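Note sheet for the following structure.
The values are calculated or read from the model by the stated rules, or taken from the named source; none is laboratory data. Every value quoted in this text rests on a predicted model; they were computed, and no experiment measured them. Neighbour counts run over all protein chains shown; Cβ positions are idealised from the backbone, glycine included. Areas reflect the complete protein model, heavy atoms only, side chains present, ligands, DNA and RNA absent. Shrake-Rupley method; radii C 1.70, N 1.55, O 1.52, S 1.80 Å.
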Amino acid sequence: MSFNRLVADDFVVSTDSITAGLWGDSSTPNLSTFITSSAQAAGSSGNFYLNVFSAGTSTAPTELEFAVTYGNSVGGGSLLFDPAVAERSPSSTIYGSYRTLVLGDENATFSFGGVTSSDFWAISIDRNRYKESLFPGSLTLTISGSTTANKTALTLTDNSQIVTTTTFNDAGRVFQIVSGSAGTVFTGVNNNGYSLASGSYGLFLPDIATILLNPRALTAGVTGVSASFSGSSLGLSPQTTANVDGNNPGRLIKAISSSAITAANGTGNLPFTLNSQENITSDFVFVRPRSSEYNYSSNPSFISGSTGEVLYNSFINNPQTYMTTVGLYNDTNELLAVAKLSKPLPKDFTKEALVRVKLDF
């Protein structure tokens, strides 16, 4: 066994970005089935959020994909915790939680493309669906105001492909949700893809896998919002009345699933398309056995036990060894990592080798 001290030139750091499908069926980035759990909706957690699944039934759903919730700064759209205490309800709790998570300031207000808002819808992707973050530019979210096929749907994406400077807050990177598809912004109505009077359609927060949607922009942007959904009394506009259970998460889920029906009729896009992204950092270590190095063996079977002489003359003048393993040690000779070669590498005084060791972390 021989040792060589590595120097700075022997190390190279590289980062690769890997994208993959986000949903349970990772072979496709499209999600077109939306199932909610009747038990969860009737339980205590249903007052705060609704989980959305892609398989099973409402009584036995499987493949959790994301959760939808609604936040209101004054507690509108949900029942008060205590009728004697105003503005304290599940929606105000959700608003405060996301305000702390995203803005980091309990006195701050949400702004969508420069227009402040006192409420929002939030779509939070299940943690098992991604490794590091969402992939900016892969979002296509289609929202429809009705299950009727001739209703116009609103297609949304993020503006990551057109901004020149990335904005950051306490949640990491921030992009605006705009009219468009798969990172391509539709500029026919407004040059930046915003709504005409209500700012952007929301915020895309890839580092916490969250989408915040601006209710005012959605209400103005979807045709047929005044009509009730088929089989339901829900409309797209959020219920903001105090101490009233407006089932606002259900309203948004209905609007997204309605676009799936529209797409099935051949008149729209698949409703929810998104990819995940992971940055893999690799540390490459280049080990360079020179021609004069690593040509002898410390194997005791080559040495006479009685005289200490080399048993084989060829190992004196024309030695040949076979490298099989590279070990990385620290300064106290502790083995930190081992790299096995795919096959033994012959080594003698006429050969030099270059072994590249890749460490992923």
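Values for this structure:
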| read-out | value |
| --- | --- |
| Enumeration of residues in the range 6-47 that are loosely packed, with under 12 Cβ neighbours inside 10 Å and among the charged types (D, E, K, R) | Asp9, Asp16 |
| Residue that is least open to solvent (accessible area, probe 1.4 Å), among those in the range 226-285 that are of a type in the set (Phe, Trp, Tyr) and at pLDDT 50 or above | Phe272 |
| Residues that are among the hydroxyl-bearing types (Ser, Thr, Tyr), over 17 Å from Arg251 (Cβ atoms) and in a loop (DSSP other than H, G, I, E, B), drawn from the range 71-94 | Ser73 |
| Subset of the range 152-170 that is surrounded by 19 or more Cβ atoms within 10 Å (Cβ to Cβ) and touching a helix residue (DSSP H, G or I) at 6+ places or on another chain (Cβ under 7 Å) - its residue that is modelled with the lowest pLDDT | Ala153 |
| Residue within the range 49-56 that is open to solvent by 50 Å² or more (accessible area, probe 1.4 Å) and either modelled with pLDDT under 90 or in a loop (DSSP other than H, G, I, E, B) (or both) present | no |
| Residue count, the range 171-213 (criterion: open to solvent by 50 Å² or more (accessible area, probe 1.4 Å) and part of a loop (DSSP other than H, G, I, E, B)) | 9 |
| Every pair of residues 6+ apart whose Cβ atoms lie under 6 Å, when the first sits in the range 110-129 and is under 23 Å from Leu196 (Cα atoms) while the second is surrounded by fewer than 18 Cβ atoms within 10 Å (Cβ to Cβ) and of a type outside the set (Gly, Ala, Ser) | Thr116/Thr109 |
| 3 or more residues touching a residue at least 24 places away in the same chain (Cβ under 8 Å) and among the charged types (D, E, K, R): qualifying strands (runs of 3 or more DSSP E) within the range 270-361 | 355-360 |
| Number of the condition not met by Thr116 [criteria: (1) modelled with pLDDT of 90 or more; (2) farther than 30 Å from Glu87 by Cβ] | (2) |
| Where Leu345 falls short, out of the listed (1) closer than 19 Å to Ser298 by Cα; (2) open to solvent by 100 Å² or more (accessible area, probe 1.4 Å) | (2) |
| Of all residues making up the range 74-84, the number that are open to solvent by less than 70 Å² (accessible area, probe 1.4 Å) and hydrophobic (A, V, I, L, M, F, W, C) | 1 |
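Table: residues versus (1) acidic (Asp, Glu); (2) in contact with a strand residue (DSSP E or B) (Cβ under 6 Å, 6 or more places away or on another chain); (3) open to solvent by 30 Å² or more (accessible area, probe 1.4 Å).
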site: Thr69; (1), (2), (3): no, yes, no
site: Pro90; (1), (2), (3): no, no, no
site: Glu106; (1), (2), (3): yes, no, yes
site: Ser124; (1), (2), (3): no, yes, yes
